[in-house]
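J.: If you scroll down you'll find the structure; I have some questions about it.
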Amino acid sequence: MAKASGKASAAKKSTATGAGTSKSAGKAGRPPKSAAKSRKASAPDGEELLKYYRDMLLIRRFEEKAGQLYGMGLIGGFCHLYIGQEAVVTGLMAAASNDDSVVTTYRDHGHMLACGMEAKGVMAELTGRSGGYSRGKGGSMHMFSVEKRFYGGHGIVGANVPIGTGLAFAEAYRGTSNAVMAFFGDGASNQGQVYEAFNMAELWKLPIIYVIENNQYAMGTALNRSSAQPDLHRRGESFAIPGMQVDGMDVLAVKEAGEKAIAHCRDGKGPIILEMMTYRYRGHSMSDPAKYRTKEEVAKVRKERDPIDHVRDMLLDLKLSDEAALKEIDREVKGVVTEAAEFAQHSPEPDPSELYTDVLVEG
Ligand SMILES: Cc1ncc(C[n+]2csc(CCOP(=O)(O)OP(=O)(O)O)c2C)c(N)n1
Ligand SMILES: [Mg+2]
């Protein structure tokens, strides 16, 4: 690995001040050491925590419902659930402004909800109906909302990284102070185009945050079986791109790291990498029986690190809320998801005349 440059060292400094960051890669179920410190360090605000609780719960209940509809044969094609990883996008969107953009992979439903896209439109796209964000023609992996600055939803592993870099180039070209967040997985971080994008981003000091959602697996392959260098936050060192490792199961640590990364971009310092240590509870996609790991491994993470339980416990332990208020949020979220599922089942299928619309934009 290339020796850390001045810039990379600067990032290590910010690592030391800790947004739940650490140099050593955590194993599945184990947060980076300094994460616990950051949990104590940040004084949580009740209203803020309740918002994160609600936002994460919406993603989880939405995904559970999507899983059910898939099981009933109402969703065709692939369907990759985000259950377990909710704190990553929730914390980062809490740090971002409405003008910052997001681009992600096929595991994208949570990102869309966190960007403020409507549950109804996302679910209807999953069922291939005309009320969906791509009018039923894109499905789970292909949804966009220019209004919410969400640029997909991409099925090709690694491909959204150059796309995000291009979006950041546009921001720099226009002279805005907006940042772009490109989310990708631990598996994608071994893709060649990622490094071509890193090089250009640093060369031109583009305002982009590369968010590596390290959920420990790329389909059925564990990180340590596929990656010669598993400290993914260090993957930018040879380009002098700084990186931080963050406890991606702790929404407050994620938000804190996100704020630092966004400030880095807005200050014109160029790209930065955030390695989010997280975990997916479900298989890679709905058709994956996940035989490459034990049930005990999953159960341990759920029990010890669940991001929603963590916020719930904090709210109750610190007496920032009570069971009745949390139940009310559960009820409200369930209502949103039920309504989205109803809409997704009753919205009409796209008319055959739509077959050739939205295919090519002539400019
Ligand atoms: C270029 C390319 N190669 C292979 C695939 C098949 N594929 C889809 S997802 C995936 C694993 C990616 O894992 P990771 O980046 O860790 O993301 P995660 O699924 O864990 O969110 C692979 C190999 C693909 N879609 N695109
Ligand atoms: Mg992965």
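None of the figures in this text is laboratory data; all of them are computed from the coordinates on show. If you're wondering where the values come from, they're calculated on a predicted model, not measured in any experiment. Positions of Cβ are generated from backbone atoms using ideal geometry, with glycine treated the same way; all protein chains shown enter the neighbour counts.
J.: Which of 149, 305, 293, 54 comes first, and how do the rest follow, when ranked by fewest Cβ neighbours within 10 Å?
T.: 293, 54, 149, 305
J.: Determine the relative contact order of segment 68-145: mean sequence separation of Cα pairs under 8 Å and six or more apart, normalised by residue count, in whole percent.
T.: Relative contact order, segment 68-145: 27 percent.
J.: Here is a follow-up. Name the long-range amide H neighbours of residue 218: under 5 Å, sequence gap of 5 or more, or other chain; modelled H, no Pro or chain starts.
T.: For residue 218, the qualifying residues are 223.
J.: Please arrange 86, 118, 237 by counting, for each residue, the other beta carbons lying within 10 Å of its beta carbon, fewest first.
T.: Ranking 86, 118, 237 by Cβ neighbours within 10 Å, fewest first, gives 118, 237, 86.
J.: Mind listing the long-range amide H neighbours of residue 176? Cut-off is under 5 Å, sequence gap 5 or more, other chains count too, H placed in the peptide plane at 1.01 Å from N.
T.: Residues meeting the criterion, in which the H sits 1.01 Å from N, do not exist here.
J.: So if I restrict to the alpha-carbon atoms in segment 136-244, what is the Rg, and what is Dmax, the biggest pairwise distance, in Å?
T.: Cα-based Rg and Dmax for segment 136-244 come out at 14.4, 43 Å.
J.: Relative contact order of the chain: what whole-number percent is it, with Cα pairs under 8 angstrom and at least 6 residues apart?
T.: This gives 25 percent for the chain.
J.: Who wins for biggest fluctuation among 192, 153, 73 in a Gaussian network model of the chain, springs between alpha carbons below 10 Å?
T.: 73
J.: Still on this structure, I have one more. Please tell me which of these pairs span more than 19 angstrom C-alpha to C-alpha: 255/295; 120/255; 65/334; 51/334; 255/334; 65/291?
T.: Over 19 Å apart, Cα to Cα: 255/295; 120/255; 255/334; 65/291.
J.: By Kyte-Doolittle mean hydropathy of at least -0.5 and Cα axial length of at least 27 Å, which whole DSSP H helices of the chain are selected?
T.: Going by DSSP H runs, the hits are 323-346.
J.: Rg to Rh for the chain: what is it, with Cα atoms only and Rh by Kirkwood?
T.: Rounded to two decimals, Rg over Rh is 0.95.
J.: Hey, in the GNM for the chain with a 10 angstrom Cα cutoff, which one of 252, 223, 316 fluctuates hardest?
T.: Among 252, 223, 316, the largest mean-square fluctuation in the Gaussian network model of the chain belongs to 316.
J.: Quick check on the exposure proxy: order 146, 161, 333 from fewest to most C-beta atoms within 10 angstrom.
T.: 146, 333, 161
J.: For the ranges 294-303, 334-343, what's the packing order if you count other beta-carbon atoms within 10 Å of each residue, average per peptide, and put the highest first?
T.: Listed from highest to lowest mean packing, they are 334-343, 294-303.
J.: Express as a percent, rounded to the nearest 5, the fraction of DSSP beta bridges in the chain (both residues included) that run antiparallel.
T.: Percent antiparallel among DSSP bridges in the chain is about 10.
J.: Can you tell me the relative contact order of segment 110-215? Whole percent, Cα pairs under 8 Å, sequence separation 6 or more.
T.: 19
J.: Choose one answer from 198, 239, 183: the residue with the largest mean-square fluctuation in a GNM of the chain with alpha-carbon springs under 10 Å.
T.: Evaluated over the chain, the most mobile residue of the options is 239.
J.: Related question: Show me, for segment 211-222, the HN-Hα J-couplings you get by feeding each phi into the Karplus relation (A = 6.51, B = -1.76, C = 1.60, θ = phi - 60°), rounded to Hz, glycine and proline as x.
T.: Going residue by residue, I get 9, 8, 8, 7, 9, 6, 9, 10, 6, x, 9, 6 Hz, with x marking Gly and Pro.
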